[in-house]
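Asks: Got a structure for you, questions after.
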Amino acid sequence: MVVDMGARVLIVEDDELIASSLARALGAQGYETSAVTTVADAEGALAEHPPDLVLLDLGLPDGDGASIARRVARDHAEVPVIVLTARSEEADIVLGLEAGAVDYVVKPFRLAELSARIASHLRWRRALTSGVADDDVIRLGDLVVDRPARRVSLHGNDVALRPKEFDLLERLALDAGAVVSREQLIDDVWDENWWGSTKTLDVHVNSIRRKLGEGAGEPSRITTIRGVGYRLEHERREP
Ligand code: CA
């Protein structure tokens with residue numbers, strides 16, 4: 001795995017066991033970490049020394065971590081926030097995403113999974129800031145979404161998408177690597193007064209997957225986050 005050496009990761013987590021094992025593991029991978037346990041300290045750390053990425057527990061002793069996600073989205077829009085959440089807290093995931101987090105991992109998480117997501121978000125951020133990914137043509141490995149031409153290609157071959165399928169893939173691509181909630185997708189791709197079944201969303205995603213040559217049960221570029229939404233990966237995951 002390519003690690004962004006020296007990238008600064010701010011860990012906001014009041015469970016000290018989790019925080020210290022994260023700090024140790026990420027430190028061993030070449031990240032510079034700092035850890036805080038409260039909303040107040042997180043705000044201080046953000047103001048003093050903005051990190052490159054934030055790992056955020058939402059349940060903090062002095063308040064709701066979502067306020068940190070909102071602050072980062074407002075003041076440091078380029079800094080990805082990954083929410084650390086307990087399995088039972090699906091509502092928290094949605095709350096975190098609505099507050100501006102780009103992703104989440106469920107506790108207890110596998111460190112390899114979290115490191116992969118951190119590396120992927122930092123890589124994507126670098127690509128964005130260096131202008132590799134511009135707004136008009138979004139390149140995600142061998143998948144290219146050409147927004148002005150409304151065309152999608154895979155390995156250089158055109159993928160024939162219907163208009164709503166294109167809109168949906170484009171919407172996911174604009175937030176590649178981030179989880180986009182079902183509500184957001186339906187609002188943006190259909191419209192807010194849309195009253196049809198939300199199954200339509202899943203049908204469209206499955207159709208896009210087929211057109212991208214992904215068979216049922218195969219690894220997909222579009223990850224389903226059950227009950228929450230979908231995430232278009234920066235690159236296809238290896239089986
Ligand atoms: Ca907590």
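The values are calculated or read from the model by the stated rules, or taken from the named source; none is laboratory data. Just so it is clear, the model here is predicted, and its values are computed rather than measured. Using ideal geometry, Cβ is built from the backbone for each residue, glycine included, and neighbour counts are taken over all protein chains shown. Ligands, DNA and RNA are excluded from the accessible area calculation, which covers all protein heavy atoms including side chains. Shrake-Rupley method; radii C 1.70, N 1.55, O 1.52, S 1.80 Å.
Asks: For the chain, with a Gaussian network of springs between Cα atoms less than 10 Å apart, report the residue from Glu16, Glu90, Glu78 with the top mean-square fluctuation.
Replies: Of the options given, Glu16 has the highest mean-square fluctuation.
Asks: Using +1 on the beta carbon of Lys and Arg, -1 on that of Asp and Glu, and nothing else charged, what's the dipole of the chain about the Cα centre, debye to 20?
Replies: The dipole magnitude comes to about 980 debye.
Asks: Roughly how many nanometres apart are two label points built 7 Å out from the Cα toward the Cβ at Ala28 and Asp136?
Replies: 4.7
Asks: Compute the distance in nm between two label points, each set 7 Å from the Cα along the Cα-to-Cβ direction, one at Ser153 and one at Asn206.
Replies: 3.1
Asks: For the range 137-232, what is Rg from Cα atoms divided by 2.2 N^0.38 Å, rounded to two decimals?
Replies: So the range 137-232 has a normalised radius of gyration of 1.01.
Asks: Separate question: Can you work out D for the range 8-128 in µm² s⁻¹ from Stokes-Einstein, where Rh is the Kirkwood radius over C-alpha pairs, the temperature is 10 °C and the viscosity is 1.306 mPa s?
Replies: After rounding, the answer is 114 µm²/s.
Asks: Give me the 1.4 Å probe accessible area per residue for the chain, excluding ligands and nucleic acids, in Å².
Replies: Averaged over the residues of the chain, the accessible area is 50 Å².
Asks: How much of the accessible area of the chain, probe 1.4 Å, is carbon plus sulfur, in whole percent?
Replies: 49
Asks: Which value, in debye to the nearest 20, gives the size of the charge dipole of the range 137-232 about its Cα centre, when Lys and Arg are +1 and Asp and Glu are -1 at the Cβ?
Replies: Using Cβ point charges on Lys, Arg, Asp and Glu, the range 137-232 gives about 240 debye.
Asks: Over all distinct Cα pairs, what is the inverse of the mean 1/r for the range 18-78, reported as the Kirkwood hydrodynamic radius in Å?
Replies: 12.1
Asks: What percentages, rounded to whole numbers, describe P(r) for the chain computed over all alpha carbon pairs with 5 Å bin width beginning at zero?
Replies: With 5 Å bins starting at 0, P(r) equals 1, 6, 14, 18, 18, 17, 12, 8, 5, 2, 0.
Asks: A further question follows. Using only helices, what value at 222 nm comes out for the chain when you add -39,500 (n - 2.57) per DSSP H run of length 4 or more and divide by the total residues, to the nearest 500 deg cm²/dmol? Intermediate results must be reported in sequence, preceding the final value.
Replies: Numbers: 8 runs with 95 residues, N = 239.
Computed ellipticity for the chain at 222 nm equals -12500 deg cm²/dmol.
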